[in-house]
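First up is the structure itself, then whatever we jot down about it.
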Amino acid sequence: MNEPGMGVLLDQETMRARANDGYPSWARDHWETFHESLTGTHEGEGFPCYFGRESVRAGDPLYTVVPSLTDVDALLSLRDTLVEYVERYEEYSDRASLVAFFAPPERSFSEADYHDALWHVLQFLHVHDPEPWPESIPTDPDDPYWEFSFAGEPMFPTCRAPFYDTYRSRYCPVGLEITFQPRGLFESMGVTADTETGQRARDVIQDNLEAYDGVCPHADLGDWGVEGDREWPQYMLREDDAEAPDECPITVSRDHPKVAPSIDPGIAREVGQ
């Protein structure tokens, strides 16, 4: 962790230091707007998720900076960083989510472009996953028990992006930002949807969202495993129905590996090649 360069796993102090000296200006802007959003206030209201708010104040999250939304080497580095994160987050902190800051696109992006970018990244990670899709997780995104999984770990990747206007809590002025939160992180805090504590936390966060955004919580917000709720639309909430996908854009397969180890050496270490 904390090796030189971009595309590596960083603790919060190292992220802060490199953002201020060494990283490109867009990475600094990502860090500063993220930290300000999570720890500051908007029209007198603190960030709605108090778990996220307090974890950033305590320095718990881990970070990575991704110099491209599409470059194969950049996305392979993200894959390797995410593998390292999954292997290490529990020993680092019980609130250590992984925040990925992506370079802003070279052209103007619409909401639809950002949805496409997110699902391109997640599809790439799935295809280059060094471990099989978990047996306990369905492959059909229309199943209420489906959720994105990587390196054997079910997780909730939540996004912020520049196109958000109505939902201020999802706004990032710089570019795409993905926070990867393993289900194990929520389980360790005892705040999954099937617990009383989790339901209380959900109610509080929903109230906070309404106060922070100034509108009712998004209709797509729901709980994993609840009939009628779906995970995938929550990763990047839609602002404009016409710009958002009607069906989940990812194709999930239990076939493993999906890339030959001779093409992707990152697969080889997990399949004994």
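The values are calculated or read from the model by the stated rules, or taken from the named source; none is laboratory data. This one's a predicted model, so the numbers in the text were calculated from it and none came from an experiment. Don't worry about glycine lacking a Cβ; one is built from the backbone with ideal geometry, like all the others, and counts go over all protein chains shown.
Restricting to segment 47-67, give me the number of residues that are among the hydrophobic types (A, V, I, L, M, F, W, C), under 25 Å from Pro24 (Cα atoms) and not in a helix (DSSP H, G or I).
Of the residues in that region, 3 qualify.
Quick one: count up the residues across segment 92-150 that are among the β-branched types (Val, Ile, Thr) and free of Cβ contacts under 8 Å to residues at least 60 places away in the same chain.
Adding up the residues that qualify gives 2.
Here is a yes/no grid of residues against (1) of a type outside the set (Gly, Ala, Ser); (2) more than 24 Å from Ala260 (Cβ to Cβ):
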| position | (1), (2) |
| --- | --- |
| Ala112 | no, yes |
| Ile137 | yes, yes |
| Phe148 | yes, no |
| Glu153 | yes, no |
| Cys159 | yes, yes |
| Arg170 | yes, yes |
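Among the numbered criteria (1) outside any helix (DSSP H, G or I); (2) at pLDDT 95 or above, which single criterion is violated by Asp116?
Answer for Asp116: the failing condition is (1).
Failed condition for Phe109, given (1) assigned to a loop (DSSP other than H, G, I, E, B); (2) within 17 Å of the chain's Cα centre (by Cα); (3) of a type in the set (Phe, Trp, Tyr), with all others met?
(2)
Taking the residues in segment 2-22 that are part of a helix (DSSP H, G or I) and not small (Gly, Ala, Ser) as candidates, determine which candidate is nearest to Ser97 (Cα to Cα).
Once the filter is applied, the top-ranked residue is Gln12.
Would you point out the residue of segment 163-193, among those that are assigned to a loop (DSSP other than H, G, I, E, B), more than 18 Å from the chain's Cα centre (by Cα) and small (Gly, Ala, Ser), that is farthest from Leu209 (Cα to Cα)?
Gly190
Taking the residues in segment 120-162 that are aliphatic (A, V, I, L, M) and part of a loop (DSSP other than H, G, I, E, B) as candidates, determine which candidate is nearest to Leu75 (Cα to Cα). Quick ask: steps written out before the conclusion?
Of all residues in segment 120-162, those aliphatic (A, V, I, L, M) come to 121-122, 125, 127, 137, 151, 155, 161.
Within this subset, residues satisfying the condition of being part of a loop (DSSP other than H, G, I, E, B) are 137, 151.
On the way: Ile137: 24, Ala151: 15 Å.
This residue is Ala151.
Any residue in segment 52-71 that is without any contact (Cβ under 8 Å) to a residue 40 or more places away in the chain sitting within a Cβ distance under 7 Å of a residue that is not in a strand (DSSP E or B)? List the pairs, counting only those 6 or more apart or interchain.
Arg53/Leu38; Arg53/Thr39; Arg53/Phe47; Arg57/Thr39; Ser68/Ala74; Ser68/Ala103
Return only the number of the condition from (1) closer than 28 Å to Asp129 by Cα; (2) surrounded by 20 or more Cβ atoms within 10 Å (Cβ to Cβ); (3) among the polar types (S, T, N, Q) that Ser37 does not satisfy.
Unmet condition: (1).
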